[in-house]
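Have a look at the structure below before the remarks.
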């Protein structure tokens, strides 16, 4: 059957588990934290928007182009996608299961290589990051055979 990697994530934390055989349970491979995603947008962004001089008598303020929270979530998705890619390249797993809120699964898919995406067996659009490992396995088995 081979090894299945199970990534349980949200925009600020993730746990990567390995599952070897049916009925054998899961073991924690690594935990990830991205505390910047927990901050308020105002705490992530610079202190104040800048100003620009105009040719007329007025002045305008420069507004941030990107949502700071989305930017931090994307940075974390890139980090996790990189970890999945490294594991794939090293042959550490043969299939994967992604468990995350829908928007974060979308970010992960954007940043995974085609080869890593091909190993995804199931996407589960749930936030299970708070579940202890003992409750996680039964919750996942409703969606996928492990």
(message) Looking at segment 24-41, I want the residues that are surrounded by fewer than 14 Cβ atoms within 10 Å (Cβ to Cβ) and have a partner that is assigned to a strand (DSSP E or B) and modelled with pLDDT of 75 or more with Cβ atoms under 6 Å, at least 6 apart or on another chain. Which pairs are those?
(response) 27/18; 28/17; 30/16; 31/15; 33/13
(request) Name the residue, out of 78, 120, that is crowded, with 16+ Cβ neighbours inside 10 Å and at pLDDT 95 or above. (result) 120
(message) Can you say whether residue 73 is at pLDDT below 95 and assigned to a helix (DSSP H, G or I), as far as the supplied structure shows?
(response) yes
(request) Name the single residue, out of those in segment 93-117 being surrounded by 16 or more Cβ atoms within 10 Å (Cβ to Cβ) and touching a helix residue (DSSP H, G or I) at 6+ places or on another chain (Cβ under 6 Å), that is farthest from residue 73 (Cα to Cα). (result) 93
(request) Those residues that are under 22 Å from residue 103 (Cα atoms) and either assigned to a loop (DSSP other than H, G, I, E, B) or in contact with a helix residue (DSSP H, G or I) (Cβ under 6 Å, 6 or more places away or on another chain) (or both), I need them from segment 127-146; list them, please. (result) 127, 128, 129, 130, 131, 142, 143, 144
(request) For residues that are part of a helix (DSSP H, G or I) and under 20 Å from residue 10 (Cα atoms), tally how many sit in segment 88-116. (result) 11
(request) Please specify each residue of segment 117-126 satisfying the condition of being assigned to a strand (DSSP E or B) and within 21 Å of residue 20 (Cβ to Cβ). (result) 120, 121, 122, 124
(message) Let me spell it out: the conditions are (1) under 17 Å from residue 30 (Cα atoms); (2) touching a residue at least 60 places away in the same chain (Cβ under 8 Å), and residue 81 meets all of them except one. Which number is the exception?
(response) (2)
(request) Evaluate the following for residue 125: is it closer than 18 Å to residue 11 by Cβ and either surrounded by fewer than 17 Cβ atoms within 10 Å (Cβ to Cβ) or at pLDDT 95 or above (or both)? (result) yes
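The values are calculated or read from the model by the stated rules, or taken from the named source; none is laboratory data. From a predicted model like this one, the values you see are computed outputs, not experimental measurements. Backbone-built Cβ (ideal geometry, glycine too); neighbour counts: all protein chains shown.
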